[in-house]
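Every number in this text was worked out from the coordinates using simple rules, so none of it is lab data. None of these values were measured; they are calculated from a predicted model. Positions of Cβ are generated from backbone atoms using ideal geometry, with glycine treated the same way; all protein chains shown enter the neighbour counts.
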Amino acid sequence: PQRKLTPVPFTDVRVTDAFWAPRIETNRTKTIPHDFKKCEDTGRISNFAKAAGRIQGQFEGIYFNDSDVYKVIEGAAYSLAAHPDPKLEKYLDALIDTIAAAQQKDGYLFCFYTLKEPEKRWTNLRSIHELYCAGHFFEGAVAHYRATGKRTMLNVAVRLADLIDSIFGPDKRHGVPGHEEIELALVKLYEATGQERYLALAKFFLDERGHQDCGRKLQGPHSQDHVPVTEQSEPVGHAVRAMYLYCGMADVAAYTRDQAYVAALDRLWANTATKKMYVTGGVGSTGRGEAFGTNYELPNRTAYCETCAAIGHALWNHRMNLLHADAKYADILERVLYNGFLSGVSLDGETFFYVNPLDSLGNHHRQAWFGCACCPVNVVRMVPSIPGYVYATDEDGIYVNLYVASTARVKYKDGTVTLKQQTRYPWDGTVRITVEPEKPDEFVLALRIPAWARGETQTEGLYRLAPSASPPPVGIKVAGERIGTRDMVGGYARLARRWQKGDTVELDLPMPVCRVYSHPDVKANAGRVALQRGPVVYCLEGADNGKHLPHVYLPADAALAADHRADLLGGVTVVTGKAMVRRDDGADAPADIVAVPYYAWDHREAGPMMVWIPENREAASAVAKPTIASESKASASHRFPSDSAAAMNDQMLPTSSIDHEIPRLTWWDHRGTTEWVQYDFAAPARVSSVEVYWFDDTGRGGCRVPKSWRVLYRAGGQWKPAPGASACGVEKDRFNRATFDAVETDGLRLEVELQPKFSGGILEWRVGKAE
């Protein structure tokens with residue numbers, strides 16, 4: 001291949017650290033079984049048995065659901081390669097047998113058309129995603145073959161690939177998949193089989209895109225089918241599709257030496273890194289088409305940042321690093337891994353984010369599964385592959401791209417060397433590498449010096465770092481001799497010497513807390529600052545900072561410090577500091593803040609979160625004046641797990657009854673029942689009215705305004721109907737005010753009768769003092 005670097009396989013790197021090793025084990029013991037169970041429960045796996053004629057029934061789910069099963073197989077194969085598991089291997093054998101039985105006589109494999117409309121094969125490449133599913137099957141098949149040596153799945157893949165190759169090509173049918181994936185997968189199949197026709201087919205699908213004279217209707221920018229790939233300069237359209245396209249281009253370029261591909265990739269990467277990437281490494285800013293926005297269009301609360309797009313972004317930067325041997329790509333790979341990707345999976349490995357916003361009012365939460373479940377099944381194959389990004393080699397020696405405590409057996413041009421890393425990264429920048437060549441030998445050990453350790457971001461002004469204190473320079477010792485970073489090439493410190501068994505390299509990467517500022521054209525971040533320490537981006541959560549979080553600002557001169565807390569969120573280093581809380585009366589009050597790693601947010605009680613923190617009072621929202629309601633303790637008879645009773649008195653006013661941008665309290669999925677909500681006052685008060693703003697998601701969900709409701713007050717420990725109560729309204733898109741004779745009480749309760757077959761909820765509930 002034309003690549004300057006060759007990756008060291010993940011199977012040759014045994015991770016032993018306290019950060020990634022537990023996650024890889026959680027993926028093996030929790031996420032893989034979880035995902036397979038969900039595939040079983042949702043009919044994804046039984047679809048194959050139906051297509052094979054082994055059981056009767058209709059196709060279940062979304063037409064491209066086959067791909068979810070293939071991705072879990074790929075992740076399971078990676079896990080098997082590193083951790084033999086007879087039970088898992090037996091399960092895969094049975095599943096692959098069922099899939100093989102679903103393959104048609106001519107090699108066709110796609111459950112949706114096989115079961116529903118077999119005559120419509122290949123008639124809707126834009127939307128139905130046969131070729132996308134085939135790509136994920138090829139990836140799974142190659143992974144299974146490499147992990148087990150068995151050809152059961154690979155043989156099915158070869159038959160399917162041969163069928164596709166017999167239909168599509170320069171002198172055959174012209175067409176491209178709406179969702180790219182098969183291109184990079186065909187290269188993997190080529191690598192596993194040596195059949196060059198698969199590489200040629202991958203290049204055909206790439207070269208076919210965007211040509212006006214191809215004899216077909218172009219799919220347009222959403223599918224990157226608007227201009228030829230070699231003429232593209234700016235990522236547009238569906239973010240995951242774009243990432244997979246660029247991965248395929250990089251893979252094909254590595255074998256064909258197509259410099260037009262490389263030039264296009266360089267342009268596309270530059271635009272992404274300097275104008276369209278979030279500080280977390282996430283990409284794809286808008287939910288409209290799950291797509292890239294315009295340059296600098298990087299909103300926070302509505303950021304889409306799909307987990308699959310983060311994975312694709314990591315895969316693309318890994319490939320760019322291999323093509324160019326430049327550390328700037330590994331810098332962004334690292335940024336994605338520790339932030340934009342890792343936020344997509346919970347610490348227990350069983351809930352997931354599809355969308356990864358950088359700001360939340362407390363109403364965004366991980367879920368166990370999705371109707372379109374591409375993200376959970378993408379996570380399951382990404383986690384076990386991470387050891388494969390640690391090292392790479394060239395003719396001169398070995399490159400260290402990631403710092404992870406591990407033992408690796410690395411083959412280079414003249415021999416084999418064992419490398420042992422000892423480090424507490426990403427919490428500590430001290431790395432000790434023990435070098436054990438089979439025999440004394442001369443080679444280069446190239447250490448990536450992260451951009452953040454040099455006060456840089458690789459984004460040409462999209463983001464800039466401002467350390468909270470001037471850090472000492474990066475330190476390097478070899479065999480106890482201090483040598484510094486004088487021999488830097490492409491972001492790597494090149495250590496060329498004759499290495500003896502037992503030689504040590506000590507790398508010291510200072511990790512001050514850094515403020516991060518964004519380009520002025522990123523309007524969402526005006527007057528705001530983010531926090532980063534080492535490769536980790538931080539956020540503020542309500543769980544640590546209370547209800548005043550939306551009103552916090554962090555003055556530019558506020559001191560910041562790092563503190564490791566082994567008992568918090570699986571063991572994290574937090575950032576602490578002194579902030580201010582903006583108040584209406586101008587008497588801003590000091591407040592201690594605690595920032596946690598962005599990847600670890602949403603593991604505690606629901607509440608607001610922000611990555612970009614106001615740095616001045618003008619950028620912070622003012623604290624509303626305290627009220628009886630806002631000072632009360634809110635509770636409910638029942639609440640949906642991702643809702644919060646505190647939403648009722650958070651003083652965030654809705655724009656409509658279907659407002660999904662602010663927190664809410666719903667009784668979902670209690671339907672047609674009698675429920676209640678309650679305020680326990682901070683102190684007894686004389687009150688005479690309430691105002692309720694009902695949640696109603698007609699057209700989107702199962703909540704409606706209630707059938708009726710009434711007000712109760714507490715007297716002598718008993719709940720009593722409020723005397724002289726007016727009618728209690730149930731109108732949408734407004735506060736419904738109810739009055740009653742003044743009572744002295746320490747609490748109010750609303751008793752709510754839900755409509756038959758529907759649930760309900762409240763966005764805001766106010767209490768009026770008696771005159």
Bins of 5 Å from zero: percent of alpha-carbon pairs in the range 377-508: 2, 9, 18, 22, 20, 13, 9, 5, 2, 0
- prompt: Suppose R0 equals 56 Å; then what is the FRET efficiency for Thr193 and Asp521 from their Cβ-Cβ distance, rounded to the nearest 0.05?
  reply: 0.70
field: Partners for Lys523 among lysines (Cα-Cα distance below 18 Å; same-chain residues under 8 apart left out)
entry: Lys275, Lys276
query: Expressed as a whole percent, how much of the Cα-Cα distance distribution for the range 633-769 exceeds 26 Å?
result: 16 percent
field: q = 0.11, 0.27 Å⁻¹, the range 695-771: log10 I(q)/I(0) [Debye, one scatterer per Cα]
entry: -0.32, -1.36
- prompt: What does the charge dipole of the range 531-619 about its Cα centre add up to, to the nearest 20 debye, if the Cβ of each Lys and Arg holds +1 and the Cβ of each Asp and Glu holds -1?
  reply: 120 debye
task: Figure the gain on full extension for Ala100 and Asp162 (residue separation times 0.36 nm, minus the Cα-Cα span) and round it to one decimal in nm.
output: 20.8 nm
- request: At 4 °C and 1.567 mPa s, grab the translational diffusion coefficient of the range 550-607 from Stokes-Einstein with a Kirkwood Rh over Cα pairs, rounded to a whole number in µm² per second.
  value: 100 µm²/s
C-alpha center-to-center spacing [the range 157-200, the range 527-552] in angstrom: 47 Å
- prompt: Using the count of nearby Cβ atoms within 10 Å as a rough guide to exposure, how do Thr114, Thr739 rank from fewest to most?
  reply: Thr739, Thr114
query: How long is the range 227-344 along each principal axis, judged by its Cα atoms, biggest number first, in Å?
result: 42, 30, 20
Cα-derived Rg to Rh of the range 433-500, Kirkwood definition: 1.07
statement: On the formula 1/(1 + (r/R0)^6), with r taken between the Cβ atoms of Phe370 and Thr294 and R0 of 41 Å, the FRET efficiency rounded to 0.05 is 0.90
- prompt: What does the highest-first list of 274-280, 559-565 look like by mean Cβ count within 10 Å?
  reply: 274-280, 559-565
query: Projected area of the range 483-569, taken from the Cα convex hull and averaged over every viewing direction, in nm²?
result: 10.3 nm²
message: Charges on Cβ only, +1 for Lys and Arg, -1 for Asp and Glu, centred on the Cα centroid of the range 227-344; of Leu323, Val283, Leu265, which one is farthest towards the dipole's positive end?
response: Val283
statement: One quarter of the C-alpha convex hull surface, i.e. the mean projected area of the range 16-214 in nm², amounts to 12.1 nm²
query: Using the eigenvalues of the Cα gyration tensor, what equivalent ellipsoid semi-axes result for the range 135-246 when each is taken as the square root of five times the eigenvalue, whole Å, largest first?
result: 27, 16, 10
task: Rounded to whole Hz and in sequence order, give me ³J(HN,Hα) for the range 273-290 from the Karplus expression 6.51 cos²θ - 1.76 cosθ + 1.60, θ = phi - 60°, writing x for Gly and Pro.
output: 6, 10, 9, 9, 10, 6, 4, 7, x, x, 9, x, 8, 10, x, 6, x, 6
field: Rounded to whole Hz, the Karplus (6.51, -1.76, 1.60) HN-Hα couplings of the range 527-537, x for glycine and proline
entry: x, 10, 9, 10, 10, 9, 9, x, x, 9, 8
task: At 20 °C and 1.002 mPa s, grab the translational diffusion coefficient of the range 538-679 from Stokes-Einstein with a Kirkwood Rh over Cα pairs, rounded to a whole number in µm² per second.
output: 128 µm²/s
- prompt: Taking the radius of gyration and the Kirkwood hydrodynamic radius from Cα positions alone, what is the Rg/Rh ratio for the range 133-196, to two decimal places?
  reply: 0.98
query: Using Cα-only point scatterers and the Debye equation, what is log10 of I(q)/I(0) for the chain at each q in 0.05, 0.07, 0.11 Å⁻¹, rounded to two decimals?
result: -0.29, -0.57, -1.24
- prompt: Classify the range 611-688: rounded, prolate or oblate, from the alpha-carbon gyration tensor (a ≥ b ≥ c, eigenvalue square roots; a/c under 1.5 rounded; otherwise prolate if a/b is larger than b/c)?
  reply: oblate
task: Could you grab the relative contact order for the chain? Cα pairs under 8 Å, six or more apart, rounded to a whole percent.
output: 10 percent
Area projected by the alpha carbon convex hull of the range 391-452, averaged over all directions, nm²: 4.2 nm²
message: List the lysines whose Cα sits under 25 Å from the Cα of Lys625, skipping any in the same chain fewer than 8 residues away.
response: Lys547, Lys578, Lys633, Lys769
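State the Kirkwood hydrodynamic radius of the range 8-94 in Å, one decimal place, computed from all pairs of distinct Cα atoms. Please list the in-between numbers first.
On the way: mean 1/r = 0.0692 Å⁻¹.
After inverting the mean inverse Cα-Cα distance, the result is 14.4 Å.
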message: Under 27 Å between alpha carbons, and skipping anything fewer than 8 positions from Lys439 in its own chain: which lysines qualify?
response: Lys4, Lys411, Lys413, Lys420, Lys477, Lys501
message: Charges at C-beta only: +1 for Lys and Arg, -1 for Asp and Glu. How large is the resulting dipole of the chain about its Cα centre, in Debye rounded to 20?
response: 540 debye
query: If you average the sequence gap of Cα pairs under 8 Å that are 6 or more apart and divide by the length of the range 633-769, what percent do you get for the contact order?
result: 37 percent
message: Along the Cα→Cβ direction, 7 angstrom out, place labels at Asp669 and Asp741. What is the inter-label distance in nm?
response: 4.5 nm
